[in-house]
Each structure stands twice: as structure tokens, then as C-alpha cells.
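All remarks here apply to the structure that follows.
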Amino acid sequence: MGVLNISLDRNVFPSCNPVYKGVKESVVQDYLREVFMTTLYYRHPDFLYHDTGQGHPECANRLRSIARALEQPEFASLTREEPPLGTEQQIQLIHPQFHIESILKAIPEQGHHYLDHDTVLSPESKQAAFRAVGAVCDAVDKILAGQADNAFCAVRPPGHHAKPDLPMGFCLFNNIAIAAEYARRHYGMERIAIVDFDVHHGNGTQAAFYNEPNVLYASTHEMPHYPGTGYPTETGLGNIINVPLSEGESGLAFRQKFRNIILPALRNFKPELLLISAGFDAHKNDPLASIRLVEEDFQWITQELMDIADNYCNGRIISALEGGYNLNALASSVAIHIKTLMGD
Ligand SMILES: [Zn+2]
């Protein structure tokens, strides 16, 4: 590799660059990746203005606590991105127009509107929800263009409970499902895996792809718990893998179940792109559930997923924030997740 110890620009395609003349392209690409391991961190002030009201666990301070953790010098090389607004066309990849219109019509001019007892709209919710969709789709564009290796989207509202035709569980539009469908439709990706380690079952994502064998959805979640779905017998066309955890289970059970069931299934599926519904509410200090993961468990699963992505999809991972409601546990868990994505 010493042959390339010169100033490099990852954006200059190797075969066009005289610097790389005579060097095998695969060698150049491996080298560039090693040198320029890049992680994108999507964040935007709009996410802070989606106001769920006093005392609601899914609050703007979640993102503030993450942002503070990422001010540490070890995150200096993280590439900060401001996402564009998503479009209705992108949302329509998963949600019918009536779903979009019913949400937009319900947005209040002031105060709050409750779509159900815990899914809340405020005047700025459209900006935040569209921006969240814009973040995951922009991440797909940039990762598939090779501009970065992986991405973490610190978005809210979260998405994995949003069914194609029903907002629920703090979620309006299903960000990660939209990202998967965007990659399929715009880039012709044929096999996309979505791994969801949020403590709640991603019923919306499951519903979106229940009859789509080219998208693998694999979830660990506490059971019985909200939203009540996620039984191992829910298998779709063989592309849905539900692995429940029992109340009080720890990282030992979490890792065993990933090792025995989900990781082999991912290897067998050989995804071209790996998406993560990254919820951190399985942390032992989270107020909304009773699983007892610690930061090292999130580090472990992130590394395992990176190894799979390295083997099958050139390292391509897009991770989007879902839950996580203890502000300190959320910040430290996201920090270790991102640090691992950065290759450290
Ligand atoms: Zn959750």
C-alpha cells in the first residue's frame, strides 16, 4: 500500500487519475476506503421544532444530548451533513397520498394535535418529518455514490411504527422503509436488509415489506410490549425475522439471538445495502422498556453489522435513529454506535 503515499482525493475516480496508473483498481479502492473511512452524521435544527409537548419522552432534548456527546474531539472527523427536505414523491414510495394528506391537514396552526394518545403534531412537524425523509434519502444518494462509507441520521420524528396507511407510536412517515424503497427504485438495488434493534417491534416496516422477498426485515424487541406485533410466526414470504426478547433479558441473550438467528440470515441473504433502525431504548436505563443492554452491546451489534456489510455490500450502512428515551443513555449509546461506524 506504500505505493500510494501521496495526496489523494477520494472523489477523483481512480481510473481517471494518473496518480493510480498501473495500480489495480481494486487495490486502489481498498486503499482509499481505508484512508478515507467516512461516516456522515445528518442533523438539522428542524428536527428540534417538532414539539410533542411537555413530558413527552420523544422530545427535542434527545437530539440535543446526542449533539453534545458528539462535540468531543474524538468525533472531529465525523462529516456533518444538513439534509435537504424530503419530497412527497419520496414519501409516496411507502405511503399512499391519503396518509400524507391526512397528516398534513391535521397539523395545527398552534399548540398540539393528537393523532392517537402518543403521536403528536405541532406546527413545525411537517418540516421535521419531511427533513427526516430527506436525510435518509440523501444518505442513500451519498453512500451509493461512494462519497462516504456509512451514515447515521439523527432524525425525529422516528419512523418504524408508521405503517403505510397509519401513523402511530410517535412516527409519521417510515423513514427507514422509505430509504429502502428509494434505493430499490432509484438505484435498482435488489437485496436490502433492514436490521431493527429498537426495543419495540417495527410493525410499520414489517407491514411495508411483508410481501416483498427482496427486503429482509430482522428485528429484536421486547415481548410482550408495544405495539403487540413481532411474533416469530410472522415471517412474510420468509423475509421477515422476528426475534423477541423477554422482559429483563440482557446483552447475553441479545447477542446469542443475533449470533444464532439474525446474523446467519443476513449472511445467507447477502444484502447489497444494510439499513439500521437504530433505537437505543433497549438500554438498561431506558424508561419505556425492561431490556438490560449496555453501551458495549450497541458497540458489539454495530461491529457485527459492519462486518456483514464489509463482506457483502462494500461496507454500505445507513443507520437512522428510532427510539431511546433516557437522555444520558441515548447520548452515550449513539456515541459508541457512531464511533464504531467511524471504524474506531
Ligand atoms: Zn422503541
Per-selection Rg to Rh, the range 102-203 - Cα, Kirkwood hydrodynamic radius: 1.00
Förster radius 45 Å - calculated FRET efficiency between Phe98 and Gln72, Cβ distance, rounded to 0.05: 0.50
Amide H contacts of Tyr41 (H built 1.01 Å from N, under 5 Å, at least 5 apart or other chain): Thr79, Arg80, Glu81, Phe152
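Taking a ≥ b ≥ c as the square roots of the Cα gyration tensor eigenvalues, with a/c under 1.5 meaning rounded and otherwise prolate when a/b beats b/c, else oblate, which class fits the range 42-123? Write down the numbers at each step before the final one.
Values: a/c = 2.94, a/b = 1.48, b/c = 1.98.
Oblate, since a/c reaches 1.5 and b/c is not below a/b.
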Global geometry of the range 280-344, whether rounded, prolate or oblate, following the gyration tensor of its Cα atoms and the 1.5 cut on a/c: prolate
Geometric extent, Cα atoms of the range 235-342 - Rg, Dmax (angstrom): 13.8, 39
Relative contact order computed over the chain (Cα-Cα under 8 Å; 6+ residues apart), in percent: 18
Cα gyration tensor, the range 161-279 - rounded (a/c under 1.5), prolate or oblate: oblate
Longest exposed-site-free window of the chain, the sites being trypsin sites (Lys or Arg not before Pro) in a DSSP loop that have at most 13 other C-beta atoms within 10 Å: 25-344
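Counting residues in the chain as N, plug N into 2.2 N^0.38 Å and put the Cα Rg over that result.
Values: Rg = 19.5 Å, N = 344, 2.2 N^0.38 = 20.2 Å.
Dividing the Cα radius of gyration by 2.2 N^0.38 Å gives 0.96.
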Fewest-first sequence of Asp310, Asp138 by Cβ atoms within 10 Å of each Cβ: Asp310, Asp138
MRE, 222 nm, helices only [DSSP H, n ≥ 4, -39500 (n - 2.57), over the chain, to nearest 500]: -10500 deg cm²/dmol
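With a Förster radius of 22 Å, plug the Cβ-Cβ distance of Met37 and Arg255 into 1/(1 + (r/R0)^6) and report the FRET value to the nearest 0.05. Mind dumping the intermediate values first?
Numbers: r = 25 Å, r/R0 = 1.13.
For R0 = 22 Å, the calculated efficiency reads 0.30.
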Cross-link pairs Lys142/Lys339; Lys105/Lys163; Lys126/Lys257; Lys126/Lys270; Lys142/Lys257 - those with Cα-Cα distance over 30 Å: Lys126/Lys257; Lys126/Lys270; Lys142/Lys257
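Report the GluC sites (Glu not before Pro) located in the range 225-294 that are in a DSSP loop and have at most 10 other Cβ atoms inside 10 Å of their Cβ, or state none. Could the numbers behind the result be given before it?
Working: sites: Glu234, Glu247, Glu249, Glu272; in loops: Glu234, Glu247, Glu249, Glu272.
Here no loop site has a sparse enough neighbourhood.
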Virtual spin-label span in nm between Asp344 and Arg185, 7 Å along Cα→Cβ: 3.8
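Rounded to the nearest 20 debye, what is the charge dipole size of the chain about its Cα centre when +1 sits on each Lys and Arg Cβ and -1 on each Asp and Glu Cβ?
580
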Amide N proximity, the range 305-344 versus Ala145 label position 7 Å along Cα-to-Cβ, cut-off under 16 Å: none
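Just so you know, all these numbers are worked out from the coordinates, no wet-lab data involved. The model shown is predicted, which means the values in this text are computed figures rather than measured ones. Note that each Cβ is placed from the backbone with ideal geometry, even for glycine, and that neighbours are counted across all protein chains shown.
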